[in-house]
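Written below as structure tokens is the structure these notes are about.
The values are calculated or read from the model by the stated rules, or taken from the named source; none is laboratory data. Owing to the predicted nature of the structure, the values given are computational and were not obtained by experimental measurement. Positions of Cβ are backbone-derived with ideal geometry, glycine not excepted, and every protein chain shown enters the neighbour counts. Heads up: the accessible areas ignore ligands, DNA and RNA and are worked out on the full protein's heavy atoms, side chains in. Shrake-Rupley method; radii C 1.70, N 1.55, O 1.52, S 1.80 Å.
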Amino acid sequence: FDLIADALVEGADVKISGFGNFHIRTKASRPGRNPRTGEPVSIDARRVVTFHASPKLKEQVQASA
């Protein structure tokens, strides 16, 4: 997990054969609102990790259902 985390922090994609791909995605800042008060707030720019499962993993999950 440490190797995966280190690679993602550096901005590199991580591909695990038969499992899937981890990507870093940069989200821009955008306006939002507090759902409780309705007050407008600014949501800061951030980087998030996305995961895309491989076809093999998807097949295994579907087969067990």
Checklist entry - What is the sum of charges around I4, taking Lys and Arg as +1, Asp and Glu as -1, for the other residues whose C-beta is under 14 Å from the C-beta of I4? => result -3
Checklist entry - Where the convex hull is taken over the Cα atoms of the chain, what is its projected area averaged over directions, in nm²? => result 7.0
Item to check | Net charge, R46 excluded, C-beta distance under 12 Å - Lys, Arg +1, Asp, Glu -1 | outcome: +3
Checklist outcome for this item: the chain accessible area per residue, 1.4 Å probe, protein heavy atoms, integer Å², reads 84
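Please list E10, E59 from largest to smallest accessible area, probe radius 1.4 Å, with all protein chains kept in place.
Solvent-accessible surface, decreasing: E10, E59.
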Next on the checklist: Please report the accessible area of K58 (heavy atoms, 1.4 Å probe, ligands and nucleic acids excluded) in Å², nearest 10.
Outcome noted: 120
Next on the checklist: Please report the carbon-and-sulfur percent of the accessible area for the chain; probe 1.4 Å, protein heavy atoms only, DNA, RNA and ligands left out.
Outcome noted: 54
Checklist entry - For helix 55-64, what angle does its Cα long axis make with the longest principal axis of the chain, in degrees from 0 to 90 and rounded to 10? => result 80
